[in-house]
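Notes to accompany the following structure.
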Amino acid sequence: MTGSDDLRAAVAAGVLGAEDSYRALLGSIVETARAIFSAQAASIFLLDEETDELVFEAVAGEGEDDLVGMRLPSGTGIAGWVVSSRQPLVIEDVSTDPRFGREVAEATGYMPKGLMAVPLLLEERSLGVLEVLDRPQRSRFSLAEMELLGLFAGQAAIALDLLQRARTAQAVLAGTGGEVAVVARVAAAFDELEGPRRDAGLRLLSALDEVLRP
């Protein structure tokens, strides 16, 4: 990226501290998914393309205190299959499915019996996977449940994208000089403005965007 691109990334993607907000959003998504499906656990994996790993970014229920931040090879288990195939998957008994990574489940400290997994897609990008583990087996999985799971996946994909953008902005700030930090502080201050002062700030950012365009 050029210096101009770096400046635009810092301004557009990130108010400083935004990562915490997006992580909280992901947490609320898995909490709600777990509650809606009456499941034992729900989790969101981020595909880290630089390291080719799946990262636990949010967990609700079993393992929520220990798993966030844990990394797995991107091809691992059912999550790896879903992120590479971009296809949702419902398994009522994981012990009968060869894609299930038993060793990985044992390492996490929780061995599910069944799960639902759906890829987190944004345009052409596969960002990660949403899993819901051990919902009550009152009946076979229905089309309505799949549609509902898809709605959660859509929201989770947006949140993951925002999280990645915030991290990119923070990396830019950490790796460049004071000019970028100044721009980021302007963006952060702008977020607090109201009324005429906000209108003036919008004009300023619009003018800045014109200057930075190649």
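The values are calculated or read from the model by the stated rules, or taken from the named source; none is laboratory data. Predicted model, so just to flag it, every value in this text is computed and none were measured. Neighbour counts are summed over all protein chains in view; Cβ atoms, including those assigned to glycine, are modelled from backbone coordinates with ideal geometry. Ligands, DNA and RNA are stripped out before the accessible areas are found, and what is left, the full protein with its side chains, is counted by its heavy atoms. Shrake-Rupley method; radii C 1.70, N 1.55, O 1.52, S 1.80 Å.
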Residue 39, sole failed condition from (1) surrounded by fewer than 23 Cβ atoms within 10 Å (Cβ to Cβ); (2) at pLDDT 90 or above; (3) of a type outside the set (S, T, N, Q): (1)
Qualifying residue in the range 42-61 (condition: of a type outside the set (D, E, K, R), outside any strand (DSSP E or B) and modelled with pLDDT of 90 or more): yes
Total residues in the range 76-109, condition assigned to a loop (DSSP other than H, G, I, E, B) and open to solvent by 40 Å² or more (accessible area, probe 1.4 Å): 8
Restricting the range 145-198 to residues that are in a loop (DSSP other than H, G, I, E, B) and of a type outside the set (A, V, I, L, M), the residue that is modelled with the lowest pLDDT: 177
